[in-house]
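Report on the structure given below.
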Amino acid sequence: MNPNKALWEKGDFTRIAATMRESGAALVNSFGVTQGLKVLDLGCGDGTTALPAAALGADVLAVDIAENLVEAGTRRARERGLANCTFQEGDATDLRQLEDKSFDLVVSIFGAMFAPKPFDVAKEMVRVTRPGGRIVMGNWIPNDPTLVAQILKTCAAYTPPPPEGFVSPMSWGVEDEVTARFMAAGVPKDNIAFARDSFTFNYPGPPSRFVGEFRAYYGPTMNAFAAAEESGRADDLQAELEALFASQNASPSQDATRIPATFLRVTVVRE
Ligand SMILES: C[S@@+](CC[C@H](N)C(=O)[O-])C[C@H]1O[C@@H](n2cnc3c(N)ncnc32)[C@H](O)[C@@H]1O
């Protein structure tokens, strides 16, 4: 089994995605979606950005490596009557089922960053974008003090070191690395732009319960807890994450969690 696929089919990412809908929709509103725009959402999960894009009239193909998330997205689109939003399984490192130059906009929000072989991913995203079309990526930033970078950093300290040659997904949050990947795919440097943006997680319960959702349902955190349990450090990991979530909680209520997290927004224009 492909370990990248296994990681995301583990647990149930829809539980985390449910806390990301508000910012997903706001982000899509900034893309300038027009009726009939051909959009590819890569690493789409259960449709946090794909569904709002379809609701604005885009013709959306949503691709994800995880079968359970493709099923969940298909269900959500059907429930909302969005016949213009199709989900299918696929791997961002090899999109051979998709034709060259077939999308006006390729979106990947915290999605393709988790695929291995980042140079192949950039090449595939550029290949399927039409000349004059755009690619928009949202990528978490290594060592950023906000939530997701800190979760992944904390978890890494409890997990065995990755195999030789492993490229960290967080390297997609480093401007020079991203530039090198898209330039290798034939994009001129001037066509690659960066901005810091913010994404807010909303959970209808206290921060400690939100940590519980990550522990039970989010693949990377589940793996870290499994390793921490083996070394007898699961309580330490739980305590570290609870302290992190509590310190970042911007909700005025003790019984709710609202945590903003900073990400790198990458916009590429294909020539
Ligand atoms: C953090 S989730 C984000 C999902 C969605 N974009 C969102 O904002 O809710 C990462 C997603 O990337 C998908 N993914 C990871 N590796 C992938 C790959 N090689 N090809 C396609 N999708 C991938 C996972 O299955 C998961 O749905």
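The values are calculated or read from the model by the stated rules, or taken from the named source; none is laboratory data. Since the model is a prediction, treat every value here as computed from it, not as a measurement. Cβ sites come from the backbone with ideal geometry, for glycine too, and all protein chains shown count toward neighbours. Ligands, DNA and RNA are excluded from the accessible area calculation, which covers all protein heavy atoms including side chains. Shrake-Rupley method; radii C 1.70, N 1.55, O 1.52, S 1.80 Å.
The chymotrypsin sites (Phe, Trp or Tyr not before Pro) of the stretch 160-204 that DSSP puts in a loop, and whose beta carbon has at most 16 other beta carbons within 10 Å, are Phe166. For the set Met125, Met1, the ranking by accessible area, highest first and with no ligand, DNA or RNA atoms included, is Met1, Met125 under a 1.4 Å probe. Per residue, the average separation of C-alpha pairs within less than 8 Å and at least 6 apart gives the stretch 1-143 a relative contact order of 22 percent.
Which shape class, rounded, prolate or oblate, goes with the stretch 59-186 when its Cα gyration tensor gives a ≥ b ≥ c as root eigenvalues, a/c under 1.5 marks rounded, and past that a/b bigger than b/c marks prolate?
oblate
What the phi angles of the stretch 158-169 give under the Karplus curve with 6.51, -1.76 and 1.60, with θ = phi - 60°, is a coupling list of 10, 10, x, x, x, x, 3, x, 5, 9, 5, x Hz, glycine and proline written as x. Look at the alpha carbon pairs under 8 Å that are at least 6 residues apart: their mean separation over the length of the stretch 112-271 gives a relative contact order of 40 percent. Mind scanning Lys38/Lys123; Lys5/Lys38; Lys10/Lys101; Lys10/Lys38; Lys10/Lys117; Lys101/Lys153 and naming the pairs with a C-alpha gap bigger than 28 Å? The answer is Lys10/Lys101; Lys10/Lys38; Lys101/Lys153. Per-residue 3J(HN,Hα) values for the stretch 226-232, derived from phi via the Karplus relation 6.51 cos²θ - 1.76 cosθ + 1.60 with θ = phi - 60°, read 4, 5, 5, 5, 4, 9, x Hz in sequence order (x marks Gly and Pro). When peptides 94-104, 114-124 are sorted by average Cβ neighbour count within 10 Å, with the highest value leading, the order is 114-124, 94-104. Solvent-accessible area of the chain (1.4 angstrom probe, protein heavy atoms only): carbon and sulfur portion equals 51 percent. In terms of the mean number of neighbouring beta-carbon atoms within 10 Å, the peptides 69-76, 44-51 order highest first as 44-51, 69-76. The Cα atoms of the stretch 86-128 give a gyration tensor whose axes a ≥ b ≥ c have a/c under 1.5, which makes the shape rounded.
Note that the chain presents 44 Å² accessible area per residue, ligands and nucleic acids not counted, probe 1.4 Å.
Only helices enter this figure: runs of n ≥ 4 DSSP H residues, each worth -39500 (n - 2.57), summed and divided by the residues of the chain, yield -11500 deg cm²/dmol at 222 nm to the nearest 500. Using only side-chain charges placed at the Cβ, +1 for Lys and Arg and -1 for Asp and Glu, the dipole size of the stretch 50-141 relative to its Cα centre rounds to 260 debye.
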